[in-house]
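To keep things clear, I will list the structure first and then write my remarks on it.
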Amino acid sequence: MRRFITFLIATCLSALLSLTSFSSNAWAYNQTQFDLLKSGVEQWNNWNLHGGRGSEDIDLTGADLSSLNLTDAFLRFSDLSGANLSGTNLHDADLISVKLNNANLTGADLTEASFSDTDFGGANLTGANLSGYHYVGDFINFQGANLTDANLDSEDLKGCDSSIYTSDRYDRYDRYDSFDKYRCETRYPGEKKGVSFYQAIYNENTQFPSSVSPELAVAKEPPNPKCDDRYNRYNPECYNY
């Protein structure tokens, strides 16, 4: 019995150590890429744009890039999930197809940066300045992000009314219907186009683009799946959707 208990304790300790090791490496970024980016934007862009990168994925997940000057940095197709970019200067940076979900962008300067298919889901953008960003197209995700005191004003956000800016269907007959108030028109099924602020956190100091009504864009309750069918739009359960 004593041997069994000793074995059980040893097994539990081993499992605990494995979990600790996994947790510590949950954001295991590429050290070589990290060092190169910290060495300066010029070296980074030369490597990234002139053959040095090749087919290599950019993995900067969880990297501490706080307070760096990354003006004009070409970060397209990079994974910066969970990265610390607080106080970082990303002015005019190329952030197309960049993953920034759960990143810390507190007080970051993202003015005139380029966004398209950019994921800020769950990111902390408290006090960040994104004014004048260039909206190239496709989808920008701010779902669940903290936008307290953030400046999101941009003339490039056009083509959608004050809505939640998500859609997975195109219905030319219902696009102006109140039933579609949470949707943005798209031309192809499954296509996401526009900007989603779904369940984002904001305050009276958050500056949204002029085309966005925060009260509509930041929904508190998810749409009822039953109401996704336009034939059920008169169902009492769908009156608030």
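One table, with the values for the structure above:
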{"read-out": "Convex hull volume per residue for segment 15-157, taking Cα atoms only, in Å³", "value": "115 Å³"}
{"read-out": "Accessible area of segment 52-157 divided out per residue, in Å², using a probe of 1.4 angstrom", "value": "34 Å²"}
{"read-out": "Residues with amide H under 5 Å from that of Ser78, placed H, sequence gap 5 or more", "value": "Lys99"}
{"read-out": "Paramagnetic reach from Ala28 in segment 34-61 [backbone N under 20 Å; point 7 Å along Cα→Cβ]", "value": "34-36, 56-61"}
{"read-out": "Label zone at Asn45 (point 7 Å along Cα-to-Cβ), backbone N below 17 Å, segment 105-119", "value": "110-115"}
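The values are calculated or read from the model by the stated rules, or taken from the named source; none is laboratory data. Source: prediction; values computed, not measured. Positions of Cβ are generated from backbone atoms using ideal geometry, with glycine treated the same way; all protein chains shown enter the neighbour counts. Calculation scope for accessible area: heavy atoms of the full protein, side chains included, ligands and nucleic acids excluded. Shrake-Rupley method; radii C 1.70, N 1.55, O 1.52, S 1.80 Å.
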